[in-house]
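The values are calculated or read from the model by the stated rules, or taken from the named source; none is laboratory data. Note that the structure is a prediction, hence the values are computed from the model and not measured. Quick reminder, even Gly has a Cβ in these numbers, built from the backbone with ideal geometry, and neighbours come from all protein chains shown. Remember, those area values only see protein heavy atoms, side chains included, never the ligands or the DNA or RNA. Shrake-Rupley method; radii C 1.70, N 1.55, O 1.52, S 1.80 Å.
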Amino acid sequence: MRAVRTRTAAPRQAAGAVAGRHPGTGLDLFLLAVAVSGISLSAPLIAATAAPALAIAFWRNAMAVGALTPLALLRHRAGLRAMGRRNVLLAAAAGALLALHFALWLPSLHMTSVASSTALVTTTPIWTTLLLRLRGQSSPALVWAGTAVAFAGVVILTGVDLSLSPRALAGDALALGGGMAAAGYVLLGAEVRRTVSTTAYTYVCYGTTSVLLLAACLVFGADLGGYSGETWIKLAVLTVTAQLLGHSLINRVVRGLGPSVTSTAILLETPGAALIAALWLGQNPPAAVYGALAVILLGLALVVRGNAGPARRARA
């Protein structure tokens, strides 16, 4: 009887893995907090870096590939070889979506208000939940509620002010597209990370992103050099914090926490960036930042709790 129970439990655990409903660990949550802290530095660093937006996006990915190359080729060569055609294609597709996310969102910051752009690009968890539904995974009502609450916190902070000007509306559309692209990036990453190491996946993903963003820079004439030493230092810091500690750790924890929890946690980037800007750039955040942070954390807690139920049933 014990052997029979073991055999029937395995498919259920596998099904939970496919659906992305892992319980995660305390380490996953800690690494997720580090990742959110890393990506929260992105907006303040970009604002303080004197380089074109597309060039910044290219260099943060290209530098990350350069940093990962020794590790990938010396310690993870077997993992790269074992990825298989399907996983390589999925990782490349994730890289293409990440490049699209950067290419759409960063220009939108110059076309519409920062408030609208930020709120619309952080609709990622909504699109993640919808895409999971289209794939046949029905998310618990608590996940939907938590997603809505967390996004409401972003709206409270940013005070979305959609403009009727054609340029602003185009910028809003670009930011919304950036949020959709990020959702696809998170979901594809979760799929590949089921069987592929973080280093192997991010190496292929960032490599694809770098190539596509380089092409975009060449097409749109974005200057790729001629920067001051201070600008290069800021690009290096951006790579280490937002890319290697931010996106890479997100790719690390998405296997254990699942795409819903991971994408919802990304909403914390908005108040995180506001607090960092206050400490570093002297931009005192409004009182709403602290209330919005509490609302976003509440929404994230609801999403984690909503995903915990199916995870417990999968282990039963």
Per-peptide average of other Cβ atoms within 10 Å, ordering 215-225, 135-145, 89-99 highest first: 89-99, 135-145, 215-225
query: How many nm separate the modelled label positions at S228 and A50, each set 7 Å beyond the Cα in the direction of the Cβ?
result: 0.4 nm
task: Step through the residues of the stretch 227-244 one at a time and calculate ³J(HN,Hα) from phi using the Karplus curve (6.51 cos²θ - 1.76 cosθ + 1.60, θ = phi - 60°), rounding each to whole Hz and writing x for Gly and Pro.
output: 8, 6, x, 4, 5, 5, 5, 5, 5, 5, 5, 4, 5, 5, 7, 6, 8, 6
field: Surface share of carbon and sulfur [accessible, 1.4 angstrom probe, percent] for the stretch 32-308
entry: 70 percent
Whole-number D in µm² s⁻¹ for the stretch 32-308, Kirkwood Cα-pair radius fed into Stokes-Einstein, 20 °C, 1.002 mPa s: 114 µm²/s
query: What list of ³J(HN,Hα) couplings, whole Hz, do you get for the stretch 181-197 from phi and the Karplus terms 6.51, -1.76, 1.60, once you set θ to phi - 60° and write x for glycine and proline?
result: 4, 5, 5, x, 4, 5, 5, 5, x, 4, 5, 5, 5, 4, 10, 10, 5
- line: Taking r as the C-beta separation of V237 and T195 and R0 as 30 Å, the FRET efficiency to the nearest 0.05 is 0.35
message: Between L169 and A141, what is the label-point separation in nm under the 7 Å Cα-to-beta-carbon projection?
response: 3.7 nm
task: Using the heavy atoms of the protein chains and a 1.4 angstrom probe, tell me the accessible area per residue for the stretch 32-308 in square angstrom.
output: 41 Å²
query: Quick one: if the Förster radius is 35 Å, what FRET efficiency do F220 and R75 give, using the C-beta to C-beta distance and rounding to 0.05?
result: 0.45
field: Highest-first arrangement of 235-242, 199-206, where packing means the average Cβ count within 10 Å
entry: 199-206, 235-242
- prompt: Taking the Cα-to-Cβ direction at F30 and at A294 and moving 7 Å from each Cα, how far apart do the two end points lie in nm?
  reply: 2.8 nm
message: Students often check this: by mean Cβ neighbours within 10 Å, which of 47-56, 69-78, 173-182, 252-261 ranks highest, and how do the rest follow?
response: 252-261, 173-182, 47-56, 69-78
